[in-house]
Amino acid sequence: MESWEILLQQVINGLSLGAMYALLALGFTMVYGIIELINFAHFNIFMVGSFIAMWLMQLMGFTGQTHILYGLPLVGLLVLVLCATMLSTGALGALIERYGLRALRGVSGTAPMITTIGLSYILFNVILLTTGADTKNYSNPMPNIRWEFGDAVLRLREVMLWGVSVVLMIALHYFVRRTKMGKAMQATAQDQEAARMVGVDVDRVVIITFFIGSALAGAAGLIFGLYYNYTSFIIGYTAGLRAFTAAVLGGIGNIPGAMLGGVLIGLIESLGGQYLAVRWTDVIIFSILVLVLVFRPTGLLGRAAPTKS
Amino acid sequence: MPISDAPQTQSQRRPPLLEFNDVNTYYGELHVLKSVNYRVGDGEIVCLLGGNASGKSTTMKTILGIVRPKSGKVTYAGQPIDRLPTAERVKRGIAPVPEARRLFPRMTVLENLEMGAFTRSDTTEIESDKERVFGLFPRIKERLTQLAGTLSGGEQQMVAMGRALMARPKLLCMDEPSMGLSPAFVEQVFDIIQAINKQGTSIFMVEQNANMALSIADYGYVLQTGEVVLHGSAQSLRDNEMVQQAYLGEMKAQ
């Protein structure tokens with residue numbers, strides 16, 4: 001491979017990883033923006049999402065990579081599975097908020113955050129104990145269509161991944177900017193008490209935020225499976241930590257920041273792996289996390305300090 | 001030494017819109033409001049005077065349901081509202097202009113106004129209320145696309161009042177409307193408060209600027225460390241020696 005082909009290939013890979021991290025980072029950042037809580041259960045909502053999507057496809061008769069679909073049936077199936085998965089993980093996130101975290105709202109200190117770690121372990125162990133520790137061969141009905149640019153390859157699955165991510169992010173942007181509930185979310189993030197005083201039902205805003213963030217994590221879970229052709233009870237950890245880093249890099253609480261941070265972390269992972277060494281990937285990523293926290297804790301797009309007027 | 005005004009002024013007052021009956025509010029162990037009674041008549045301007053930590057802001061938070069009283073009754077429009085969440089109280093017509101404005105700093109002025117109408121869905125009425133707000137505050141109209149956090153203090157106060165009016169409230173609860181404003185602006189704000197009141201909105205106002213507040217109010221209460229130590233018509237409070245010394249800055253002639 002020529003050097004430009006290597007670079008192109010790694011950019012394609014990086015953007016793909018980045019789109020997935022961005023979807024995952026959005027859940028962290030939205031919840032943090034609203035109630036200043038890092039939700040570590042998010043890691044494993046993503047993992048559960050990849051299992052739910054796989055089970056759905058298995059129920060419909062798609063196991064492994066042997067049943068291939070083309071054209072409309074493929075799009076139809078993917079949209080169906082995507083929507084069902086997002087609804088399921090969204091509901092899971094809402095349940096976690098309602099019964100796991102709401103009672104702890106307003107409790108100072110680290111109790112709510114520690115609780116999310118506990119909830120994360122529950123999800124992790126439920127999947128481990130019910131499905132076993134082995135890596136699962138993912139159901140994937142996508143044909144192996146590819147476009148070649150020299151030796152660099154762009155596959156259909158990458159195009160699908162970018163398409164799904166971009167559509168979901170545009171939908172989220174529209175929702176937050178234009179709808180009444182989106183405005184209520186912005187208001188709650190900017191000043192919770194003032195939001196209450198204009199009649200916003202803050203409890204409802206919080207549970208819907210968890211729902212949306214978790215639904216996006218479910219979408220990322222499906223994408224992970226289709227991209228790598230496998231899933232496992234353990235995938236939440238690495239991807240979750242990197243997505244969390246992406247959220248911090250972009251500016252925790254900032255939605256465009258999470259998208260930007262996700263793409264940057266994806267590119268750093270693929271390019272760093274190529275030009276330094278794959279075994280240094282995590283060192284690079286978490287060094288960035290440390291450097292951001294030390295030198296620019298508000299992140300790339302974060303605000304200097306919350307403005308209380 | 002609780003002093004009370006002559007009882008006849010009570011009976012001349014209008015039927016109550018908001019009433020506190022023996023309300024006790026606590027922050028943890030701290031007893032903030034001690035068996036407090038207030039009454040805001042329909043169409044009145046009522047002001048609450050008091051120094052720092054007297055319980056003024058807690059009174060506001062109790063009306064809005066941000067803190068709940070431990071005992072006693074809060075009645076609004078003839079119905080007890082102690083158990084209602086804040087959103088429901090706003091829906092029923094109680095709108096706050098909170099201390100320090102509390103605008104949404106990263107929303108535009110227009111978006112802030114629209115948030116004021118959050119509990120409403122009558123689109124055309126909301127538009128006409130917007131025009132009403134622009135009529136009261138022509139300056140707001142010039143700043144609609146500006147982020148609220150970048151406005152001056154006086155402009156923020158206007159937007160905060162405008163936002164509250166967008167809820168089409170029956171009762172406007174204002175916490176220190178003159179705080180941090182230049183004297184010229186204070187006068188303007190109080191003129192507008194009177195105009196709003198003339199349009200039919202009752203006003204309950206917490207204020208340090210007793211002179212200004214009593215000049216437009218119908219009735220007043222004086223709060224000291226959580227107890228109502230004095231209440232009466234605005235005129236009788238202005239004439240009261242203790243009020244003059246403590247809040248109007250006038251020394252008693254020797």
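Give me a count of the residues in region B:87-97 that are touching an Asp or Glu at 6+ places or on another chain (Cβ under 8 Å) and more than 13 Å from A:Gln192 (Cα to Cα). The number of residues fulfilling the criteria is 2.
Taking the residues in region B:93-106 that are within 10 Å of B:Pro169 (Cα to Cα) and more than 7 Å from chain A (Cβ to nearest Cβ) as candidates, determine which candidate is surrounded by the most Cβ atoms within 10 Å (Cβ to Cβ). Top of the filtered list is B:Ile94.
I'm checking my understanding of the structure. Among residues of region B:69-81 that are out of contact with any Lys or Arg (no Cβ under 8 Å at 6 or more places or on another chain) and not in a strand (DSSP E or B), which one is surrounded by the most Cβ atoms within 10 Å (Cβ to Cβ)? Filtering region B:69-81 for residues that are out of contact with any Lys or Arg (no Cβ under 8 Å at 6 or more places or on another chain) and not in a strand (DSSP E or B), the one surrounded by the most Cβ atoms within 10 Å (Cβ to Cβ) comes out as B:Pro69. Output yes when any residue across region A:130-144 is without any contact (Cβ under 8 Å) to a residue 40 or more places away in the chain, within 24 Å of A:Thr116 (Cα to Cα) and away from chain B (no Cβ under 14 Å), and no when none is. Checked against the condition, which is being without any contact (Cβ under 8 Å) to a residue 40 or more places away in the chain, within 24 Å of A:Thr116 (Cα to Cα) and away from chain B (no Cβ under 14 Å), region A:130-144 yields at least one hit.
The sole residue among B:Val109, B:Val46, B:Val90 that is within 12 Å of chain A (Cβ to nearest Cβ), modelled with pLDDT of 90 or more and surrounded by 23 or more Cβ atoms within 10 Å (Cβ to Cβ) is B:Val90. Hey, does region A:205-226 have a residue that's modelled with pLDDT of 95 or more and within 14 Å of chain B (Cβ to nearest Cβ)? The answer is yes; a qualifying residue exists. Here B:Leu103, B:Leu110, B:Leu84, B:Leu48 are screened, and the one residue that is part of a strand (DSSP E or B) and within 21 Å of A:Met197 (Cα to Cα) is B:Leu48.
Going by what's in this entry, would A:Val176 be described as in contact (Cβ under 8 Å) with a residue 12 or more places away in the chain, farther than 21 Å from B:Pro98 by Cβ, within 14 Å of chain B (Cβ to nearest Cβ) and more than 17 Å from the chain's Cα centre (by Cα)? Yes; evaluated as a whole, the condition is true for this residue. Restricting attention to region A:7-50, the residues that are farther than 18 Å from A:Gly93 by Cα and touching a strand residue (DSSP E or B) at 6+ places or on another chain (Cβ under 8 Å) total 3.
Give, as residue ranges, the helices (runs of 4 or more DSSP H) completely inside region A:221-309 that count at least 2 residues that are touching a residue at least 60 places away in the same chain (Cβ under 8 Å) and either among the hydroxyl-bearing types (Ser, Thr, Tyr) or under 15 Å from A:Tyr21 (Cα atoms) (or both).
Values: elements: A:235-250, A:255-275, A:281-295.
Per the criteria, A:235-250, A:255-275.
When residues in region A:98-121 are screened for being in a helix (DSSP H, G or I) and farther than 19 Å from A:Gly27 by Cα, 3 of them pass.
Tell me which of these B:Gly153 doesn't satisfy, since it passes every other one: (1) within 20 Å of the chain's Cα centre (by Cα); (2) away from chain A (no Cβ under 12 Å); (3) surrounded by fewer than 18 Cβ atoms within 10 Å (Cβ to Cβ). Condition not satisfied by B:Gly153: (2). Of all the listed residues (B:Ser121, B:Ser128), the sole one being away from every other protein chain (no Cβ under 13 Å), free of Cβ contacts under 8 Å to residues at least 24 places away in the same chain, surrounded by fewer than 18 Cβ atoms within 10 Å (Cβ to Cβ) and not aliphatic (A, V, I, L, M) is B:Ser128. The residue list B:Met161, B:Met174, B:Met179 contains one member that is surrounded by fewer than 21 Cβ atoms within 10 Å (Cβ to Cβ), within 15 Å of the chain's Cα centre (by Cα) and within 14 Å of chain A (Cβ to nearest Cβ), which is B:Met179.
Every test in (1) surrounded by fewer than 19 Cβ atoms within 10 Å (Cβ to Cβ); (2) touching a helix residue (DSSP H, G or I) at 6+ places or on another chain (Cβ under 9 Å); (3) under 26 Å from A:Ala187 (Cβ atoms) is passed by A:Met30 save one, and that test is (1).
Of the residues making up region B:201-213, those that are surrounded by fewer than 24 Cβ atoms within 10 Å (Cβ to Cβ) and at pLDDT below 90 number 5. Taking the criterion of being under 21 Å from B:Arg89 (Cβ atoms) and either at pLDDT below 90 or assigned to a loop (DSSP other than H, G, I, E, B) (or both), the residues of region B:119-172 that qualify are B:Thr119, B:Arg120, B:Ser121, B:Asp122, B:Met166, B:Ala167, B:Arg168, B:Pro169, B:Lys170. Among the residues of region A:63-81, at least one is in a helix (DSSP H, G or I), among the β-branched types (Val, Ile, Thr) and either at pLDDT 95 or above or buried (at least 23 other Cβ atoms within 10 Å of the Cβ) (or both). Just one residue in the set A:Ile38, A:Ile45 is in contact (Cβ under 8 Å) with a residue 40 or more places away in the chain, outside any loop (DSSP other than H, G, I, E, B), among the aliphatic types (A, V, I, L, M) and within 22 Å of A:Tyr237 (Cα to Cα); that residue is A:Ile45. Condition test on A:Ile35, is it crowded, with 24+ Cβ neighbours inside 10 Å, β-branched (Val, Ile, Thr) and closer than 30 Å to A:Ala111 by Cβ? In short, no. Taking the condition of being more than 18 Å from A:Ala217 (Cβ to Cβ) and hydroxyl-bearing (Ser, Thr, Tyr), how many residues in region A:231-282 meet it? So the answer is 3. Contact map, region A:1-30: residues that are more than 20 Å from A:Leu276 (Cα to Cα) paired with residues that are among the charged types (D, E, K, R), Cβ distance under 7 Å, separation 6+ or inter-chain. Pairs shown: A:Tyr21/A:Arg242. Taken together, A:Arg157, A:Arg204, A:Arg146 contain a single residue that is closer than 30 Å to B:Gly65 by Cα and among the charged types (D, E, K, R), which is A:Arg204.
Checked against the criterion of being modelled with pLDDT of 90 or more and out of contact with any Gly (no Cβ under 7 Å at 6 or more places or on another chain), the candidates A:Val290, A:Val278 yield just one match: A:Val290. Selection of region B:187-209 for residues being aliphatic (A, V, I, L, M) and either under 21 Å from B:Arg13 (Cα atoms) or more than 15 Å from the chain's Cα centre (by Cα) (or both) yields B:Ile193, B:Ala195, B:Ile196, B:Ile203, B:Met205, B:Val206.
The values are calculated or read from the model by the stated rules, or taken from the named source; none is laboratory data. If you're wondering where the values come from, they're calculated on a predicted model, not measured in any experiment. Glycine gets a Cβ as well: all are built from the backbone with ideal geometry, and neighbour counts include every protein chain shown.
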